[in-house]
Amino acid sequence: MLTVKGARFTYPGGPEFVFSLTIERGEIVTLSGPSGSGKSTLIDLICGFLAPLSGDILWDGQSILSLTPAKRPVSALFQTGDLFDHLDVETNIALGLDPRGRPNPVQQAQIRSVLQEIGLPDFERRLPGQLSGGQRQRVALARDLLRDKPLMLLDEPFSALDTETRDEMARLVRRLTRDRGLATLVVSHDPTDAQRLGSRAVELRDGKITLSAQGRAGDQV
């Protein structure tokens, strides 16, 4: 379980943010709020790119503040997916395991397995330019999944996708969260994403997290 306990942060001359939030394993929480409300700041605090001035961030009851970003139990997927257009799908995914992008035979088998899991079998040799927007996001998600981190952060992952592809990605995120027992935080400006994901929806206002409604997913996977 992720526990953000009174994590306080402020930028010079800016507003003060105080975050408190819990996410259970197997649960999806959708976070919304106006521009400047602190959504990206919260993500950066959890990832370790920023340090809170006070408060704590815990995973399964243990503080992770002393851990570097690479050592934290976190994988993060951002809006662009950050794929390298000159590298094929296998190499892009392999970067989650080896910064050289040179998978050994065991890792190649892991990549084939995760591509099967996300519905893209036999895509290893395709280039990002040959993929649709939804397929690119799936490949970026596969790279994060191979890092085998129990906390998944998705920052506006659906914003560049059409409605049908958003629905497909939401079903995939629901299934992966359930089957892998992940704690998943989705940042989204679109209120319908909480309904797609069937998630607990929270909102950032005036630097603090407030509770909102429970989303209702469509067809379950």
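The values are calculated or read from the model by the stated rules, or taken from the named source; none is laboratory data. Being a predicted model, the structure only gives us computed values, none of them experimental. Glycine also receives a Cβ, built like all others from the backbone with ideal geometry; neighbour counts cover every protein chain displayed.
So here's what we get for this one:
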{"read-out": "Residue 136 being of a type in the set (Lys, Arg), closer than 27 Å to residue 3 by Cα, out of contact with any strand residue (DSSP E or B) (no Cβ under 7 Å at 6 or more places or on another chain) and outside any loop (DSSP other than H, G, I, E, B)", "value": "no"}
{"read-out": "The stretch 37-55, residues that are touching a residue at least 60 places away in the same chain (Cβ under 8 Å) and in a loop (DSSP other than H, G, I, E, B)", "value": "37, 38"}
{"read-out": "Candidates 55, 13, 36, filtered to the one that is touching a Ser or Thr at 6+ places or on another chain (Cβ under 9 Å) and at positive phi", "value": "55"}
{"read-out": "Number of the condition not met by residue 119 [criteria: (1) without any contact (Cβ under 8 Å) to a residue 40 or more places away in the chain; (2) part of a loop (DSSP other than H, G, I, E, B); (3) not assigned by TED's automatic domain parsing to the domain that holds residue 35]", "value": "(1)"}
{"read-out": "Qualifying residues in the stretch 139-159 (those that are in a helix (DSSP H, G or I) and under 22 Å from residue 194 (Cβ atoms)) - the one modelled with the highest pLDDT", "value": "140"}
{"read-out": "Some residue of the stretch 131-152 being more than 20 Å from residue 175 (Cβ to Cβ) and outside the structural domain of residue 29 (by TED's automatic domain parsing)", "value": "yes"}
{"read-out": "Inter-residue pairs, beta-carbon under 6 Å, first in the same structural domain as residue 2 (by TED's automatic domain parsing) and in the stretch 172-196, second surrounded by 24 or more Cβ atoms within 10 Å (Cβ to Cβ) and among the small types (Gly, Ala, Ser), 6+ apart", "value": "196/170"}
{"read-out": "Of all residues in the stretch 144-192 being surrounded by fewer than 21 Cβ atoms within 10 Å (Cβ to Cβ) and among the small types (Gly, Ala, Ser), the one that is nearest to residue 44 (Cα to Cα)", "value": "159"}
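Let's see how each residue does on (1) within 22 Å of residue 143 (Cβ to Cβ); (2) in a helix (DSSP H, G or I); (3) within 21 Å of the chain's Cα centre (by Cα):
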site: 14; (1), (2), (3): no, no, no
site: 35; (1), (2), (3): no, no, yes
site: 57; (1), (2), (3): no, no, yes
site: 99; (1), (2), (3): yes, no, yes
